[in-house]
Ligand code: SF4
């Protein structure tokens, strides 16, 4: 029998906690999907295309969702018939296609987002400092998965070629985005930024080393 004296390992209990959250988030996805008149897989495809005017390839979409290409192709066909997306020739190779959200798809997605609240409600149970810590923990976990090749590169600051961690000595806004040429704080780290451009592997490694270095001992520029 499991007792507080002999609990399961900490990573395993974190796994269990994430599963509980995932169950609630999946239920929330059903609410959003129903509002858009699609199923959760189709809803996830629409969400993956949001903010990507150049669209994604079928392969990219399948990778993002962790499904097979034939399965993604079926869902894309259903969404195309509903008028939520269209296929456009890829600029670099006219023989391949990109999948792009239509205006109707964007509007449906936006109204469906308004019906979902579970993640925001759960995050609201944390104070500001806890939310910031959780954001950094999530970024750390997502980065580990993407650098291990388990999930594709996500559009996070820590993998972006415009990100300069701890470029400033201002504790509230230590980071710098060279795309908008502005400082920003830890709480503003992006997980899915439209302007993201993937840095090369060596730059990503250097950025991560700087991001995770203990700056209280050796602040930048000192
Ligand atoms: S462009 Fe976006 S992802 Fe890249 S550093 Fe700026 S805010 Fe972060």
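Summary of values
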read-out: Length-normalised contact order of the range 126-212 in % [C-alpha pairs under 8 Å, at least 6 apart]; value: 30
read-out: Contour minus Cα-Cα distance for residue 114 and residue 18 (0.36 nm per residue); value: 32.2 nm
read-out: Mean Cα-pair separation over length for the range 10-118, i.e. relative contact order, pairs under 8 Å, 6 or more apart, %; value: 32
read-out: Ranked list, fewest to most other Cβ atoms within 10 Å of each Cβ, for 8, 82; value: 8, 82
read-out: Cβ crowding within 10 Å averaged over residues, with 156-165, 171-180 ranked highest first; value: 156-165, 171-180
read-out: Spacing of the two label points (7 Å from each Cα toward its C-beta) at residue 216 and residue 50, in nm; value: 3.6
read-out: Linear extension gain, residue 200 paired with residue 104, 0.36 nm per residue minus alpha-carbon span; value: 31.0 nm
read-out: Proxy reagent accessibility, fewest Cβ within 10 Å first, across 148, 57, 71; value: 148, 71, 57
read-out: Largest to smallest principal axis extent of the C-alpha atoms in the range 126-212, angstrom; value: 33, 30, 24
read-out: Quotient of Cα Rg and 2.2 N^0.38 Å for the chain, N being how many residues it contains; value: 1.16
read-out: Potential lengthening between residue 130 and residue 150 on full extension [0.36 nm per residue; Cα-Cα distance subtracted]; value: 4.5 nm
read-out: Two-decimal Rg to Rh for the range 71-141 - Kirkwood Rh, Cα set; value: 1.18
read-out: Ranked by how many other beta carbons lie within 10 Å on average, peptides 202-209, 35-42 from highest; value: 35-42, 202-209
read-out: The chain - share of DSSP beta bridges that are antiparallel (%, nearest 5); value: 100
read-out: 25 °C / 0.890 mPa s Stokes-Einstein diffusion coefficient of the range 10-118, Kirkwood radius on C-alpha pairs, µm²/s; value: 167
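Read-outs throughout are calculated quantities, based only on the coordinates presented, and are distinct from any laboratory measurement. Quantities reported herein were computed from a predicted structural model and do not represent experimental measurements. Heads up, the Cβs are rebuilt from the backbone with ideal geometry, glycines too, and the neighbour counts pull from every protein chain shown.
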